[in-house]
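Only one structure is covered here, and it is reproduced in the block below.
The values are calculated or read from the model by the stated rules, or taken from the named source; none is laboratory data. Note that the structure is a prediction, hence the values are computed from the model and not measured. Glycine also receives a Cβ, built like all others from the backbone with ideal geometry; neighbour counts cover every protein chain displayed. To get the accessible areas, we keep the full protein, side chains included, count just its heavy atoms, and leave off ligands, DNA and RNA. Shrake-Rupley method; radii C 1.70, N 1.55, O 1.52, S 1.80 Å.
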Amino acid sequence: MSDFNAAAFRQHFPFFTEQPEWIYLDNAATTHKPAAVLDAVGLFYRQQNSNVHRGTHLLSETATNLYEDARTCVQKYLNAAESAEIIFTSGTTAALNQIAYGLMHSVLKAGDRVVISALEHHANIVSWQLHCQRFGVILDVIPLQGDAASGYQLDLNAYNKLLSLNPKVVSLTQVSNALGCILPLENMLLAAKACGAITVVDGAQGIAWQVPDMQTLAADFYCFSAHKLYGPTGLGVLYGKREWLEKLTPLLGGGEMIEHVSFARSRFNQLPARLEAGTPSIAAALGLAAAIRFISTFDAEQIKSYKRLLLKTFHDGIQHIPGINLLSAQQNNAGIVTLNVQGEHPADLALLLNEQRIAVRAGQHCAMPLFELLAVPGAVRFAFAPYNQLTEVEQCLNALTQAVEILAL
Ligand SMILES: Cc1ncc(COP(=O)(O)O)c(C=O)c1O
């Protein structure tokens with residue numbers, strides 16, 4: 001059993017008291033926001049609203065201080081060496097695009113190799129692909145092995161073979177958003193560093209499972225989105241080691257990212273401003289800081305074991321429902337279960353669950369190449385968060401049983 005008090009945790013989230021009919025299991029898409037986050041965002045717009053790094057007035061100074069405090073809060077959460085290593089972006093997608101664009105335009109040369117995995121979200125595929133052809137860079141993919149019962153995982157022998165080709169970049173997700181499996185990142189990144197590769201981690205799903213320690217994880221870059229960590233949408237974090245951030249060619253130009261501009265050329269600003277063109281999502285940054293302060297008051301290991309309990313209860317329960325094809329295994333899973341009802345379209349199942357106010361996601365989960373490998377057209381995803389209750393899992397299992405019966409008619 002878990003010592004985590006899920007009912008008390010849930011009480012911090014106004015959504016569940018204001019929309020009590022919903023069972024929300026779409027947490028891999030986005031999480032709900034605790035009152036502390038809503039308050040921080042609301043307070044900013046009600047009392048502190050001003051632009052940052054611009055005005056000479058007190059309001060702007062206050063906004064700037066709050067914004068920079070938020071950066072320091074993220075720095076401490078990730079145990080980054082300095083706050084200038086935290087760049088605010090609009091999300092994980094924007095962060096990965098900045099890294100790919102920045103490295104392609106500065107570090108990579110024709111014939112260089114970038115390694116990603118078969119488990120990647122489109123954001124960590126397309127961001128590289130956009131430039132590969134133009135710059136003559138080769139994109140290699142670590143294949144999958146295993147099966148749904150024992151759990152799909154990356155073929156580490158194949159990975160070692162790809163590393164023997166001396167890739168310049170290895171860019172991996174921490175947790176698969178489509179299957180829930182957790183990658184053996186620590187060792188994979190160490191192996192990549194041993195070959196001299198620049199290492200990138202897509203932490204969009206991983207951040208809510210295991211907060212990375214940037215002093216021990218062999219990652220040069222780590223990205224995540226605030227909205228998957230109980231924070232606002234429209235804000236992401238691009239962490240990078242200073243030496244690598246300084247090498248990135250900025251993707252966006254304008255605003256405070258310059259030191260000097262003439263019509264002939266521009267000289268870029270110091271970090272972090274160098275990679276933050278335009279007015280940032282100030283309120284969202286304050287919201288993320290509030291989310292981090294909120295989640296830090298709970299025991300991360302207790303949250304993990306509670307999520308494992310939700311997952312186990314659901315996964316065990318599924319075994320008693322006939323006609324379900326599971327794609328996710330229970331072991332080594334961060335709390336995401338993907339499945340199909342034999343012979344049925346995933347959207348039909350999701351619609352039947354929606355009728356019972358159970359929110360799940362159906363489709364290919366922005367991982368089209370993975371679904372092609374698995375040879376399934378799509379699947380329904382159930383993603384758990386610590387505010388979900390065991391009773392909700394039971395209700396969901398009952399709803400699934402009914403849905404399977406209806407679909408069989
Ligand atoms: C693994 C992974 N990477 C990247 C993203 C993109 O995140 P965002 O849409 O917040 O930029 C997601 C979103 O679902 C994801 O799950």
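Values for this structure:
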read-out: Relative contact order (percent, whole number), the chain, Cα cutoff 8 Å, 6+ residue spacing; value: 23 percent
read-out: Gain on full stretching of the segment that runs from PHE298 to GLN402 - 0.36 nm per residue minus C-alpha separation; value: 33.8 nm
read-out: Probe 1.4 Å, all protein chains present, accessible-area order of HIS365, HIS345, largest first; value: HIS345, HIS365
read-out: Where GluC sites (Glu not before Pro) fall in DSSP loop in the range 12-119, at most 10 other Cβ within 10 Å; value: GLU21
read-out: Placed amide H near ILE23: partners under 5 Å, 5+ positions off or other chain; value: ILE358, ALA359
read-out: Separation in nanometres of the label points that stand 7 Å from Cα toward Cβ, at ASN65 and ASN354; value: 4.7 nm
read-out: Approximate spin-label separation LYS193-ALA264, in nm, with each point projected 7 Å along Cα-to-Cβ; value: 4.3 nm
read-out: Accessible area (Å², per residue) of the range 39-295, counting only protein heavy atoms and a probe of 1.4 Å; value: 40 Å²
read-out: Prolate/oblate/rounded label for the range 39-295 (Cα gyration tensor, a/c 1.5); value: oblate
read-out: Cβ-Cβ FRET estimate between PHE135 and LYS76, R0 fixed at 45 Å, reported to 0.05; value: 0.80
read-out: Estimated FRET transfer efficiency when R0 is 56 angstrom, pair ALA7-LYS161 (beta carbons, to 0.05); value: 0.70
read-out: Largest-first ordering by accessible area, 1.4 Å probe, given options ASP348, ASP39, ASP112; value: ASP39, ASP348, ASP112
read-out: Accessible surface of CYS195 - all protein chains present, 1.4 Å probe, nearest 10 Å²; value: 50 Å²
read-out: Separation in nanometres of the label points that stand 7 Å from Cα toward Cβ, at ALA149 and ASP316; value: 2.0 nm
read-out: Where Cα atoms sit under 20 Å apart: lysine pairs in the chain separated by 8 or more or lying on different chains; value: 17
read-out: At least 24 Å along the helix axis (C-alpha) and Kyte average at least 0.0, DSSP helices within the chain; value: 390-408
read-out: The range 1-150, relative contact order [Cα under 8 Å, separation at least 6], %; value: 13 percent
read-out: Theoretical FRET efficiency, 1/(1+(r/R0)^6), r = Cβ-Cβ of LEU373 and ALA110, R0 30 Å, to 0.05; value: 0.60
read-out: Where LYS76, LYS228, LYS193 fall by accessible area, highest first, once all protein chains stay in place (1.4 Å); value: LYS76, LYS193, LYS228
read-out: Kirkwood hydrodynamic radius (C-alpha pairs) into Stokes-Einstein, the range 301-356, 4 °C and 1.567 mPa s, D in µm²/s; value: 104 µm²/s
read-out: Long-range HN-HN contacts of ILE142 with modeled amide H, under 5 Å; value: ILE116, SER117, ALA118
read-out: The chain - percent of accessible surface contributed by carbon and sulfur, probe 1.4 Å; value: 53 percent
